[in-house]
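Contents: one structure, followed by commentary.
The values are calculated or read from the model by the stated rules, or taken from the named source; none is laboratory data. Keep in mind the model is a prediction, meaning the values are calculated, not measured. Because the Cβ atoms are built from the backbone with ideal geometry, glycine has one as well, and the counts that use them run over all protein chains shown. In case anyone asks, the SASA skips ligands and DNA or RNA and just uses the protein heavy atoms, side chains included. Shrake-Rupley method; radii C 1.70, N 1.55, O 1.52, S 1.80 Å.
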Amino acid sequence: MADKHNTVRPWCPFCGIDVGRPTHSKQRSMTEFPVGRYQCGAVYSCDVTGHNIGAAIVETLTYACGDNSELAWELMPEDDYLTGRIENYDEQNHEVVATKNVDGRAVRGVLYFVRLHTEMQEIAERVKEKKETSLQAIIEEAAQIKPAVEPEPAEKKRANKRIIKKLVAEGDIDSLVAYGLSDKKTLRLMQRLLYEPDEKIRWRTAWIIGQSCARIASRDPGSVSELLHRLFEACSDSAATPWGMVETIGFVIAARPDIFGAFTRYLLNYVAEDSTRNQAVWALNEVAKERPDLVRNTPFYSLFHFLKHPDPQVRGQMARLLGSLGATEAVMQLMERSGDRESFIYCEAGEMNEMTIAEAAKEAIAKIQKR
């Protein structure tokens, strides 16, 4: 056990008073650090490893700005906020250990503190209130335009592989919805059609599934939710190739973000893998086009470096995503791509399109400036 003479309670570097144990915020993101807020106006986060200080700095500053990453990127240290840090923090015992060791266990934690200047705190509060009002308006607008509830099928239909394959090939969404509401195995049969070597057909199949699920979910959201769980499970299977899976997830969420928007954050799991990175960034853009707030509520800023990725597919998809998000904090990086003449392919409404990265960056900047 650590010598009590070598341990103290963690304190706020701005006012000197002991601070409480950091906890996860209500609006949890996938890679966030535990955070806390103190009465003097300081906020703080905990990096238990001591190796992720850069990410901790970004998240603490964003948290201080009311989870508004755009405002956080505009602030300047010293001019707009002060920083501080407490090292040798032991999260388990909520103590600072001078010896950096507790019973043979290394203590490397760091508490990172940010305190906005008074005027910036007031601005952050006003921006947060405005953001919440805007978000509510987006949600209400989405609720007003959501599809009507599908009627019960006039007659029950029995699905089989041959029928569903034919309807998907013909793009007969009306019939697919009728089968989907009549026979639970319809969505499974459609999922199997994703194992198609022709990429163009595979993307179109994913779009058809997304459009069908949007209407089926109006009456039976449970079956579509089960499909999403199966798709995520298939994507996580290291022994299988997730052909069309991430694409379908993107189409389904984007078609009904009011029901399935919570699944958005899990798309970031597939950005790290070479086999799914392009599709995952594309899927995030599909969601962002309908509900940018769902992507902004994830640590999306960790994706910015993909604008310089060696694969033109990734650079192009990333440029489109930043435009859909209205990411003012990425304008300079987008401008650097204005001379990038390599082309990439993306899917929109089931059709494959091609454009250069420079064109994508130009469109993204125009969208950001318009917002």
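For beta carbons closer than 6 Å, sequence separation of 6+ or different chains, a first residue in segment 71-87 that is over 16 Å from G54 (Cα atoms) and a second that is surrounded by 14 or more Cβ atoms within 10 Å (Cβ to Cβ) and modelled with pLDDT under 80, the qualifying pairs are L71/V127; D80/M120. Filtered by the rule that a residue be open to solvent by less than 30 Å² (accessible area, probe 1.4 Å) and either within 22 Å of Y179 (Cβ to Cβ) or without any contact (Cβ under 8 Å) to a residue 40 or more places away in the chain (or both), segment 235-252 gives P242, G244, M245, V246, E247, T248, I249, F251, V252. Scanning segment 92-103 for residues that are acidic (D, E) and either under 25 Å from G41 (Cα atoms) or part of a strand (DSSP E or B) (or both) yields one hit, E95.
Each residue in segment 344-371 was checked for being in a helix (DSSP H, G or I) and not β-branched (V, I, T), and 11 pass.
So for segment 333-343 (the condition being modelled with pLDDT of 95 or more, over 24 Å from T62 (Cβ atoms) and in contact with a Cys (Cβ under 9 Å, 6 or more places away or on another chain)), does at least one residue qualify? No, the conditions are met nowhere in segment 333-343. Candidates are the residues of segment 110-153 that are small (G, A, S) and modelled with pLDDT of 70 or more; the one that is surrounded by the most Cβ atoms within 10 Å (Cβ to Cβ) is A124. Checking every residue in segment 276-294 against the condition of being in contact with a Pro (Cβ under 6 Å, 6 or more places away or on another chain) and surrounded by fewer than 17 Cβ atoms within 10 Å (Cβ to Cβ) gives zero matches.
If only residues of segment 1-45 that are open to solvent by 50 Å² or more (accessible area, probe 1.4 Å), in a loop (DSSP other than H, G, I, E, B) and within 30 Å of L268 (Cα to Cα) are counted, the one that is modelled with the highest pLDDT is R21.
Among the residues of segment 326-342, none qualifies, meaning not one is farther than 26 Å from D67 by Cα and in contact (Cβ under 8 Å) with a residue 60 or more places away in the chain.
Considering only residues in segment 154-178 that are touching a Leu at 6+ places or on another chain (Cβ under 8 Å) and open to solvent by less than 30 Å² (accessible area, probe 1.4 Å), the one that is nearest to R219 (Cα to Cα) turns out to be L176. Note on segment 171-192: among residues that are over 31 Å from the mean Cα position of the chain (by Cα) and not charged (D, E, K, R), the one that is farthest from K156 (Cα to Cα) is S175. Restricting attention to segment 296-332, the residues that are at pLDDT 90 or above, open to solvent by less than 20 Å² (accessible area, probe 1.4 Å) and touching a Ser or Thr at 6+ places or on another chain (Cβ under 8 Å) add up to 1. For Y89, state whether it is modelled with pLDDT of 75 or more, hydroxyl-bearing (S, T, Y) and either touching a helix residue (DSSP H, G or I) at 6+ places or on another chain (Cβ under 8 Å) or assigned to a helix (DSSP H, G or I) (or both). No: the conditions fail for Y89. Within segment 179-196, the set of residues being over 20 Å from F251 (Cβ atoms) and exposed (fewer than 14 other Cβ atoms within 10 Å of the Cβ) comprises K184 only. Each residue in segment 344-371 was checked for being farther than 26 Å from W203 by Cα, surrounded by 12 or more Cβ atoms within 10 Å (Cβ to Cβ) and modelled with pLDDT under 95, and 1 pass. Residues in segment 247-258 that are of a type in the set (V, I, T), closer than 20 Å to D293 by Cα and out of contact with any Cys (no Cβ under 6 Å at 6 or more places or on another chain): 2 in all.
Residues in segment 47-69 that are touching a helix residue (DSSP H, G or I) at 6+ places or on another chain (Cβ under 8 Å) and either surrounded by fewer than 18 Cβ atoms within 10 Å (Cβ to Cβ) or not charged (D, E, K, R) (or both): A55, V58, L61, T62, A64, C65, G66, N68, S69. State which residue pairs qualify: first residue touching a residue at least 60 places away in the same chain (Cβ under 8 Å) and inside segment 149-170, second residue open to solvent by 60 Å² or more (accessible area, probe 1.4 Å) in any location, beta carbons under 8 Å apart, and separation of 6 or more residues or different chains. Short answer, once both residue conditions are applied: V149/R219; E150/R215; E150/R219; E152/R219.
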